[in-house]
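Structure first, commentary second.
Derivation of every value follows stated rules applied to the coordinates shown; laboratory data play no part. Note that this is a predicted model, so its numbers are computed, not measured. A quick note on method: Cβ atoms are made from the backbone with ideal geometry, for glycine too, and the neighbour counts reach across all protein chains shown.
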Amino acid sequence: MPDLTFDKLHEECGVFAIYGHPEAANLAYLGLYALQHRGQESAGIASSDGRKIHCIRKMGHVADIFTPDALNQLPGELAIGHTRYSTTGDTVILNAQPLSVACNKGQIAVAHNGNITNAAELRSELEREGSIFQATSDTEVVLHLVARSRERTLSAALRDALLQLEGAFSLVFIAEDRIIVARDPHGFRPLAMGQLELSDGRTSYVFASETCAFDLISAAYIGEVAPGEMVIVGPEGVTRERYTPAKAPAQCVFEHVYFSRPDSLVFGRSVAQSREMMGRLLAREYPVEADVVVPVPDSGVSAAIGYAAESNIPYQQALIRNHYVGRTFIEPSQAIRDFGVKLKLNPVRHLLEGKRVILVDDSLVRGTTSRKIVRMVRQAGAREVHLRISCPPTISPCYYGVDTPSQNELIAARHSVEGIRQYVEADSLGYLSLESLHKAVDDKNQRFCYACYTGQYPTPLVQIEDLAYSKC
Ligand code: AMP
């Protein structure tokens, strides 16, 4: 087990890009709207009218930021967009993306999903050599590397920059007349490519973290941007090239467990299909006599459907979620216990009263929410509460762009399954095995990263405690 005292960058994001559409910014807005679940803290769109890049980025939700007035300020046929969520203190507008600069390669803007694990080292080096940073996010490092590259064309400078990065990155760039997208050679984070046929016979190209963004704008899915691949879409057409050979594949399995929308294809595979299979395999591994299978909405729904189908126990939506709970909601009083969970979830008493309940959720991280939900279900009259988790115990933090707390806050890093069962006050607790998770995502060729469940990280991680680098 490696020493896990790294500084951790929490960032969960969604990215989108479009080339060759007369309503590029409007479509970027719709794409980001579909990707809102990947980040609710800030959002931004940069468009180009062929000569100049226009950029709007603000704190808040996509639909609140991009009013008709705002979209009118984003002219042009190409655009990129970003939704961002970061849990650390630096939730400032400066870190909102896209980030844009004017440099000797022209005007460029970038949006990033992932976490560049050597960003702190690169930043220290760049600062020693005179670069001045405005924000604290790892993404800014990429722009500096591009600006400093001795290569003369943007794509060559980008290649140069990308080769210096380690860790997870799905990046979308916009320049005056082109879109360039790239994925890290391990392919940690997803990036799908699609196309739209325009009424004048032209083809518009789109890229997004998840295909649910394509569905909303009626774009057809072409496939994935490959690990280590760079795709350039400009006036000369589409160029796909490997800027570096692909490395051992490490697609984030948590995208399928929790993070992505079930209606998306992620890494070319249906998320709903994976989750339903997780539920089915969980039912085979941890069956229990019960009256009803209840999901923790929304994240546990697909797995609960699979569990119910496999076990022939009726599925009931006995916890109702309020979808309109904002992050900024002020809790009126500490005296109201479990207020946070009550705001979000409310039990349907008549479905739970006197019942033996199988409660299905996608993951258990700190255990605090799960404990409140188990209590809530019991208080609503359930006779037994059996908790089933559709992934293995989370024992290690993610350094590749998923927001997991530090290791000492992960309950499974310090406690046995029995210890966790006691903590969450469930009658029984069952986690999906790693082997079954492999099966559920059909990982015959070891294409996924399971580091949060195994502690085995696919890339070397650098300790950055001593470096003057603030978290993003
Ligand atoms: P807890 O019982 O406090 O560990 O919380 C578990 C809940 O957190 C589950 O319902 C998960 O769906 C949810 N969850 C897991 N990972 C994340 C994440 N990265 N961001 C937000 N929620 C998460």
Spatial separation of Cα centroids for region 149-214 and region 254-302, in angstrom
30 Å
Evaluate 2.2 N^0.38 Å with N set to the residue count of the chain, then give the Cα radius of gyration divided by it.
0.99
Computed lengthening from Arg51 to Glu409, 0.36 nm per intervening residue step minus Cα-Cα distance
124.0 nm
Looking at region 45-86, which trypsin sites (Lys or Arg not before Pro) are in a loop (DSSP not H, G, I, E or B) and have at most 11 other Cβ atoms within 10 Å?
Arg51
Taking the Cα centre of region 13-247 as the origin and placing charges on Cβ (Lys, Arg +1; Asp, Glu -1), which of Ala246, Asn115, Ala46 is farthest toward the positive end of the dipole?
Ala246
At Asp263 and Gln164, where each label point lies 7 Å from the Cα along Cα→Cβ, what is the point-to-point distance in nanometres?
4.2 nm
Restricting to Cα pairs below 8 Å that are 6+ residues apart, what does the relative contact order work out to for region 13-247? Please round to a whole percent.
21 percent
Classify region 13-247 from the C-alpha gyration tensor, please: rounded if a/c falls under 1.5, else prolate or oblate depending on whether a/b exceeds b/c.
rounded
Give the angle, between 0 and 90 degrees and rounded to the nearest 10, that separates the Cα long axis of helix 271-285 from the longest principal axis of the Cα atoms of the chain.
30 degrees
Show me, for region 14-19, the HN-Hα J-couplings you get by feeding each phi into the Karplus relation (A = 6.51, B = -1.76, C = 1.60, θ = phi - 60°), rounded to Hz, glycine and proline as x.
x, 10, 8, 8, 9, 10
Under the Karplus relation 6.51 cos²θ - 1.76 cosθ + 1.60, θ = phi - 60°, what is the ordered set of whole-Hz ³J(HN,Hα) values for region 216-222, x standing for Gly and Pro?
5, 9, 6, 8, 8, 6, 9
By how many nm would the segment from Asp442 to Asp215 lengthen if fully extended, with 0.36 nm per residue of separation less the alpha-carbon distance?
79.3 nm
Pairwise label distance in nanometres, Glu425 with Arg128, each label 7 Å out on the Cα-Cβ vector
5.5 nm
Here the gain from full extension of Ile320 to Thr244, 0.36 nm per residue of separation minus their alpha-carbon distance, amounts to 22.6 nm
How high is the relative contact order of the chain? Use alpha-carbon pairs under 8 Å, at least six apart in sequence, and give a whole percent.
16 percent
Expressed in nanometres to one decimal, the distance between label points 7 Å along Cα→Cβ at Gln73 and His350 is 5.2 nm
What are the ³J(HN,Hα) couplings of region 137-147, residue after residue, when phi is run through the Karplus curve with 6.51, -1.76, 1.60 and θ = phi - 60°? Round to Hz, x for glycine and proline.
7, 5, 5, 4, 4, 4, 5, 4, 5, 5, 4
Arrange the peptides 92-98, 421-427, 403-409 so that the one whose residues have, on average, the most other Cβ atoms within 10 Å appears first.
92-98, 421-427, 403-409
